[in-house]
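Everything below concerns the one structure shown next.
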Amino acid sequence: MKKKSFTVEEAKIKLMRYCAYQERCHQEVNKKLDELHIIPLAKEHIIVELIQQDFLNEERFAKIFTISKFNQKNWGKKRIINELKRREISAINIKTSLNQIDESEYLAKLSRLVEKKWNATAESNLANKKKKVMNYFLYRGWETHLVYEQIQNQGDIK
């Protein structure tokens, strides 16, 4: 089976569309270029042009990723950090993106989510219920001490 080959210009246009559709990180663009079987020298040229024309911006990607995962998926900071690291985002961009999350909003959201999950968890044994709720939030990247504190509050109320 013959692989379709692309000129540098065709690949660049394809990647511009790819980046315009949604924010992309450098890793995703590199992977796409690999799928298009672009040689390393041409890859560099295309990536430089995407950056110069503002199709590719790691800081902007990190900020949008952070806010969307926090607001839509209810992820905690630890999960967001791990996912950004997995995408090879720089530490400074990770820190900058996390600074967008207001601390009081972060804690208020966790409180609402824990209360909702607590009420939705059908478990008669209090210790098992606490464990289930705790595991749910730890998987989503919320800090252990914050979750523990919220669960203790729920356990005291109920």
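General observations
- Spin-label pair TYR148/GLU28, simplified geometry with 7 Å Cα→Cβ offset, distance in nm: 3.6
- Two-site FRET efficiency, SER104 against ALA20, from Cβ-Cβ distance with R₀ of 41 Å, rounded to 0.05: 0.70
- Using equal-weight Cα scatterers in the Debye expression, the normalised intensity of segment 58-98 in log10 at q = 0.14 Å⁻¹ is -0.22.
- Equivalent ellipsoid dimensions for segment 19-158 as semi-axes, Å, which come from the Cα gyration tensor, largest first: 40, 15, 11
- Computed FRET value (nearest 0.05) for LYS78 with ARG112, which takes r as the C-beta separation and R₀ as 22 Å: 0.70
- Extension gain, GLN52 back to ALA120 (0.36 nm per residue minus Cα-Cα distance, nm): 19.6 nm
- Percent of Cα pairs exceeding the 13 Å cut-off, where the set is segment 8-52: 45
- Karplus-derived 3J(HN,Hα), 6.51/-1.76/1.60, for each residue of segment 129-136, Hz, glycine and proline x: 5, 4, 5, 4, 5, 4, 4, 4
A short reminder: the numbers here are calculations on the coordinates, not readings from a lab. Only a predicted model underlies this, so the values are computations on that prediction, with no experimental measurement involved. Positions of Cβ are backbone-derived with ideal geometry, glycine not excepted, and every protein chain shown enters the neighbour counts.
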